[in-house]
Amino acid sequence: MRALVKGKNSVAVKELPHPVLRGESDVLICVQLAGLCRTDVFVSEGKIACKDDVVLGHEFSGIVEEAGANASGFKPGDRVTVMPVIPCGTCAFCTSQNPDKCQNTSMLGIDHDGAFAEYVSVPASAVYKLPNGVSFRQGAYSEPVAASLSVIKAGIRPDQKGLIYGNNRFGNLIKRILAAYDIKNVAIYDPAAQEKPAENAFDFAIETLATDETMEALFAAVKPGGKVVLKSRKHEPVGINFNTAVRKEITLVAVNYGDFKEAIDLMADGRLQVDDLLGETYALEDFAKVFENAKTHESAKVFFKPGQDDVRDC
């Protein structure tokens, strides 16, 4: 099969052996579409460490090719998407039915071969069926929706006034998700086009771009006793002004993922519209251009179509 592989010193499209099920509880998926994330770009550049010769990509949808004997509930032909962050299965959280709290997770496209390939084998526990009416494009966008849905866990309320720092695809997605939960008094701040947000004006503020400057602006923007929601998965340290945080009694809340099935259901029942956030589809061979553009253009999600055949329903 064709796959986009991050080697020690290079990224290239390669021909790899057709994968097989990794275990009886796994599902082999024929990838239909795979979305590009900044994480994929960072891995390709070596900014995020990964296993040797890993297939990149973690946001995707596809069709079940084969299901292991213990992969109950799945059969060939099922349309699916995948939660790419995989709990270890052995820690105290996992064995007490709290795998979402696992701190020993691994990830497709970093620790395991990912979705920029024609086929990928994943644990059945990470696989979710796509309802009728949810296209492969929307299905491949489930992971960003689930990541954005996590802001609901921050304890913000419909009666509060909020700010989203960053006029980008992620910020717009978060605003739509908040609106789906009746949290509508929310402004998006564009640091490239606007002066700093009003000070002491917001009950909560959500960052989508973690920098020292961002945190200073958010600390200034929230009211005393306000809340700053941390969402970015930045691997480098970011500074904060402790004096401001303590003086204003600011609450910092970091959120990871919302419920993956709920993210899919939001699109399935029409509460969340995302089609205008979804952009072009490219062949794997276009990766260099697509990766470079992704560093500066975030208005629309772009996708790779690893296979040669047409995607069936997008």
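Values quoted throughout were computed directly from the atomic coordinates according to the rules given, and no laboratory measurement underlies them. These figures come from a predicted structure and were not determined experimentally. Here Cβ is always computed from backbone atoms with ideal geometry, including for glycine, and neighbour counts include all displayed protein chains.
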Net +/- balance of residues flanking E216 in space, Cβ distance below 13 Å, scoring K and R +1, D and E -1: -2
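Give the value in nm², to one decimal: projected area of the alpha carbon convex hull of the range 26-153, averaged over all directions.
Numbers: hull surface 34.0 nm².
Quarter of the Cα hull surface area: 8.5 nm².
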For the chain, with the dipole built from +1 on Lys and Arg beta-carbon atoms and -1 on Asp and Glu ones, taken about the Cα centre, which of Y189, I63, V80 lies farthest toward the positive end? Y189
List the equivalent ellipsoid semi-axes of the chain in whole Å, largest first, each obtained as the square root of 5λ for an eigenvalue λ of the Cα gyration tensor. 34, 21, 19
Give the Rg (one decimal place) followed by the Dmax (whole number) of the range 201-267, computed from C-alpha coordinates and expressed in Å. 13.6, 42
Taking the reciprocal of mean 1/r across every pair of different Cα atoms in the range 208-314, the Kirkwood radius in Å is 17.6 Å
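How high is the FRET efficiency between Q103 and K51 when r is their beta carbon distance and R₀ equals 25 Å, given to the nearest 0.05?
On the way: r = 19 Å, r/R0 = 0.76.
My answer for the efficiency is 0.85.
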Once you wrap a convex hull around the alpha carbon atoms of the range 1-49, what is its projected area averaged over all directions, in nm²? 4.5 nm²
State, as an integer percentage, the relative contact order of the range 53-190 based on alpha-carbon contacts under 8 Å between residues 6 or more apart. 24 percent
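Compactness ratio of the range 148-254: Cα Rg over 2.2 N^0.38 Å, N = residue count? Write out the running numbers ahead of the final one.
Values: Rg = 12.5 Å, N = 107, 2.2 N^0.38 = 13.0 Å.
The reported ratio for this selection is 0.97.
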Around H112 (Cβ within 13 Å, Cβ-to-Cβ, excluding H112; K/R +1, D/E -1) the net charge comes to -2
For the chain, with a Gaussian network of springs between Cα atoms less than 10 Å apart, report the residue from L21, L130, L36 with the top mean-square fluctuation. L21
Give me the distance in nm between label points sitting 7 Å out from Cα along the Cα-to-Cβ direction at A69 and N256, one decimal. 3.3 nm
